[in-house]
Amino acid sequence: MALLELSVVQFKNYAESRFQFDSGINCIVGDNGSGKTNLLDAIYYLAMTKSAFQAVDQQNIRQSDDFFRLEGVFEHEAQPFKIYCALQTGQKKIFKVENKPVERLSEHIGRVPLVLVKPDDSYQLNEGSEQRRAFFDHVMSQISQPYLNSLLRYNHALKQRNQLLKQFAEKHWVDHDLLTVYDQVLLTEGHSIAQARSEFMQTFEPVFVQFYRNIADKQEPISLTYASHFADPEFATAFKAARPKDLAMARTTQGIHKDDFGFALQGLPLKKFGSQGQQKSFAIALKLAQFEVLRQAKGEKPLLLLDDIFDKLDDKRIAKLMEMMASGTFGQVWMTDARPERSHKLLKKVTASKRFFYIRQGACEQVEQG
Ligand SMILES: Nc1ncnc2c1ncn2[C@@H]1O[C@H](COP(=O)(O)OP(=O)(O)OP(=O)(O)O)[C@@H](O)[C@H]1O
Ligand SMILES: [Mg+2]
């Protein structure tokens, strides 16, 4: 997969800019706040139908304007294709592939495999089980549409059931049959999601462990664990038995939304017992493993976006990444850096073709072939 051209109109701090990307490394440089991360986000947006940083969609529209538009010319197996996205204040987002509207945005996920490595990954992934579930769901959704569809149905049913539980608590009245309808969806979809997650971990973990060892250069006993209520073969009975508790708490207390993906170092939780360096290595290894499993599943290299990577990694890890770049592990790469001299120096040894984009106040001032 490759992104050849990108047009960014009134997206975040960009007025109107066009980019022609290198098929190798694209280095985005500029001062703090110039728009480097925003440019990566525009690419992410076209692949994922949303921003990686701004959850409120309308706030991706440039202040003082009332719409944004993104257009990308991608290439898949030597065939170029266009992805178009536009959002107008107060209106529904328009998404098109080759001028054909995408009916359901979820259908688009996975079309452009992409991995984004960002500075707060380590913090987020170690923070809470919700963020860890979100990471694995994000990876698995890019690989499997049925998984994503199950997840959407589950989340929809969960939302409805929780709303009902709240209403029943307020009104002191319960429609048990209605709850049973949602129970069925949660149990059926939950079962297939838990099974898929468990199977995915079998493939993902060895890849991850390999990357971690590579980066940390050590044989630390690290592991990923996966715990789900669905591991209990009698879970359907337990779920039904928990209804009085659910009614008392006014929320669904059991199911795959409570699954936990654990990160462990020598059998102990990484968050408590891992050093900051170990936590960072863990996060990078997770992202590189994401790259590798996506590559295997799609049979092509995902786009790789590295935001502020030089600033957050120590020299040893930067050297590792540079080694991987030099050895052709990655395909098309974007990286941002507020210090152009540093990226020029670090990329010198990498033989892949390079292009430098100098960004200033939401516009590209200069392009330089490296
Ligand atoms: N909707 C918007 N309209 C106008 N400006 C916006 C909008 N959203 C974000 N910005 C601006 O974009 C700028 C940040 O851009 P970005 O995060 O891409 O910077 P950066 O070059 O990555 O900086 P750093 O080196 O600090 O990471 C901020 O000044 C922010 O106010
Ligand atoms: Mg940035």
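Laboratory data are not the source of any read-out in this text; all were calculated from the coordinates shown. Every value quoted in this text rests on a predicted model; they were computed, and no experiment measured them. No Cβ is skipped: glycine too gets one built from the backbone with ideal geometry, and neighbour counts run over all protein chains shown.
With a 10 Å Cβ neighbour count serving as the proxy for reagent exposure, in which order, fewest first, do Trp173, Trp334 appear? Mind showing how you got there, number by number?
Numbers: Trp173 8, Trp334 24.
Placing the least packed residue first, the sequence is Trp173, Trp334.
Hey, rough spin-label estimate for Glu5 and Gln219, points 7 angstrom out along Cα→Cβ, what's it come to in nanometres?
In this crude spin-label approximation the distance works out to 5.4 nm.
Of Gly255, Ser228, Tyr212, whose Cα points farthest to the positive end of the dipole of segment 127-299 (charges on the beta-carbon: +1 Lys, Arg; -1 Asp, Glu; origin at the Cα centre)?
Value computed over the given set: Tyr212.
For Thr253 and Asp120 in one chain, what is 0.36 nm times their gap in residues minus the Cα-Cα distance, to one decimal in nm?
Gain on stretching Thr253 to Asp120: 44.9 nm.
Any lysines with Cα under 19 Å of the Lys280 Cα? List them, leaving off those in the same chain fewer than 8 positions away.
Hits, sequence-local ones excluded: Lys118, Lys218, Lys271, Lys272, Lys312, Lys316, Lys320.
On a 0 to 90° scale, report how tilted helix 176-216 is relative to the longest principal axis of the chain, with both axes built from alpha carbons and the result rounded to the nearest 10.
Result, in degrees: 40.
Quick one: P(r) of the chain from all Cα-Cα pairs, 20 Å bins, percents rounded to integers, in order of increasing distance.
Computed distribution, short to long bins: 26, 54, 19, 1.
From a point 7 Å beyond the Cα of Asn149 in the direction of its Cβ, which residues of segment 189-205 have a backbone N at a distance under 14 Å?
189, 193
Would you mind calculating the gained length between Ser106 and Ser129 on full extension (0.36 nm times residue separation, minus the Cα-Cα distance), in nm to one decimal? Write out the running numbers ahead of the final one.
Details: separation 23, 0.36 × 23 = 8.28 nm, distance 2.32 nm.
Difference between extended and current length: 6.0 nm.
Taking springs between alpha-carbon atoms closer than 10 angstrom, which of Asp177, Asp120, Asp57 fluctuates most in the Gaussian network model of the chain?
Asp177
When a footprinting reagent is the concern and you count Cβ atoms within 10 Å, what order do Val293, Val367, Val333 take, fewest first?
Details: Val293 20, Val367 14, Val333 23.
Final ranking by Cβ density, sparse to dense: Val367, Val293, Val333.
If we count other beta carbons within 10 Å of each Cβ, what is the order of Asp66, Asp41, fewest first?
Asp66, Asp41
How high is the FRET efficiency from Gln88 to Val181, r the C-beta distance, R0 45 Å, rounded to 0.05?
Working: r = 37 Å, r/R0 = 0.82.
FRET efficiency, Gln88 to Val181: 0.75.
Hey, got the dipole for segment 153-303? About the Cα centre, +1 on K and R Cβ, -1 on D and E Cβ, debye to the nearest 20? Each step should come with its number before you reach the end.
Values: 20 positive and 16 negative charges, 101 e Å.
Computed about the Cα centre, the dipole is about 480 debye.
Using 0.36 nm per residue of separation minus the Cα-Cα distance, give me the extension gain between Glu365 and Gln160 in nm, one decimal.
Gain on stretching Glu365 to Gln160: 68.8 nm.
Tell me, which longest segment in the chain has none of the GluC sites (Glu not before Pro) that fall in DSSP loops with at most 12 further Cβ atoms within 10 Å?
For GluC sites (Glu not before Pro) (loop position, at most 12 other Cβ atoms within 10 Å), the longest site-free span of the chain is 235-370.
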